[in-house]
1. Mind checking which residues of region 122-147 are surrounded by 12 or more Cβ atoms within 10 Å (Cβ to Cβ) and β-branched (Val, Ile, Thr)?
2. Considering region 188-208 alone, what residues qualify as being crowded, with 21+ Cβ neighbours inside 10 Å and either free of Cβ contacts under 8 Å to residues at least 60 places away in the same chain or in a loop (DSSP other than H, G, I, E, B) (or both)?
3. Scan region 91-98 and give yes if some residue there is open to solvent by 10 Å² or more (accessible area, probe 1.4 Å), in contact with an Asp or Glu (Cβ under 9 Å, 6 or more places away or on another chain) and either on the phi < 0 side of the Ramachandran plot or of a type in the set (A, V, I, L, M) (or both), otherwise no.
4. Give me the pairs, please: first residue somewhere in region 149-176 and without any contact (Cβ under 8 Å) to a residue 12 or more places away in the chain and crowded, with 18+ Cβ neighbours inside 10 Å, second residue anywhere and in a helix (DSSP H, G or I) and acidic (Asp, Glu), beta-carbon distance under 6 Å, and either six or more positions apart or on two chains.
5. Within region 91-187, considering only helices (runs of 4 or more DSSP H) that don't extend past its boundaries, which have at least 3 residues that are touching a strand residue (DSSP E or B) at 6+ places or on another chain (Cβ under 8 Å)?
6. Checking the structure you have, find out if any residue of region 90-112 is touching a Gly at 6+ places or on another chain (Cβ under 7 Å) and modelled with pLDDT under 90.
7. Here are Asp53, Asp45, Asp69: which of them is among the acidic types (Asp, Glu) and open to solvent by less than 20 Å² (accessible area, probe 1.4 Å)?
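The values are calculated or read from the model by the stated rules, or taken from the named source; none is laboratory data. Since this is a predicted model, take the numbers as computed values, not measurements. Every residue, glycine among them, receives a Cβ derived from its backbone with ideal geometry; neighbour counts consider all protein chains shown. Each accessible area value is taken on the protein alone, full model and side chains, heavy atoms only, with ligands, DNA and RNA left out. Shrake-Rupley method; radii C 1.70, N 1.55, O 1.52, S 1.80 Å.
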Amino acid sequence: MQVGIIGLPKVGKTTLFNTLTASQQSTDRYHVSKVVNVAVASVPDPRLERLRDHYSPKKFTPATVTYVDIPGIQKGGDAESLDLARLREVDALAHVVRAFDDPEILHPEGSVDPARDVEIVDLELILADLEIVSRRIERLDRAVKRGLSTDEQRERALLTEVILPTLEAERPLRTLELVDADERRLRGFQLLSAKPLLLVVNVGEDQLTADIGASILGEGRAGDRYPEIVTVSAPIEEEISHLDAEHQVEFLADLGLAEPSLDRVIRASFRLLGLISFFTVGEDEVRAWTLRHGTLARQAGGAIHSDIERGFIRAE
């Protein structure tokens, strides 16, 4: 599973990326990086850790999430500034929005306004999708003379009657509820505003324990647009990540936190795509296997080996 970290410049994306993945990418206060960073984070799971401690296995394999740190999105930039090729490869997006004040880090819009920034990034994704959808509709319109296949007719109807009006109304496509056939049809376009999105609100240390995630969006703005919102203070989390386990507990207690906020970011990324884990245990290995929520036990066994699925025995 890949999650693309997006946002305006100077919001703390790379700092968050470094903490999630134990990386050490440059986070210069005055320079905007154009580099795409990729690294893997382990999914924290106390259940799996207890099993590891009990079995003392030779190998310990937690579930993982791959994070892709995308350069800052420029307001009003052309589609190329979004690095569309890289963004289309990811399964979900994590939008980091700035809610902290720092006079040394200039905001590209001149002031800190999280609700405005959320709108800016959403609109850039929508505009990129609008260009793709409009081009596809034009090609289908030109093909009407030769006659459209049944699949093309359904695709044209979906794009012109549902997708295009939604984008023109500046609504992200992830808010739509489509039937399975239309979801599969739309999946081929890899539209950005259709991808599941996690909102990560980057706050100052004094705001870390406050529940301001949904409140910054204004009345009625969460829900279907932003079903997962996590509040973090990326610099503090980075500092915590460099401590040993004992000192982490003490530091978190001083901040009034039960766990690192970044653990919640990773778990929220997992939930966003409807993923769960099941475990295999023993002296050789304790391992978490990733599968979709609602997968049946037989198919879960197939994730380990096809022979397990073929020879699955069910007792009633």
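1. Ile126, Ile132, Val133, Ile137
2. Leu191, Lys195, Val203
3. No: zero hits.
4. none
5. 114-143
6. yes
7. On the way: Asp53 fails: open to solvent by less than 20 Å² (accessible area, probe 1.4 Å); Asp45 fails: open to solvent by less than 20 Å² (accessible area, probe 1.4 Å).
Among Asp53, Asp45, Asp69, only Asp69 is among the acidic types (Asp, Glu) and open to solvent by less than 20 Å² (accessible area, probe 1.4 Å).
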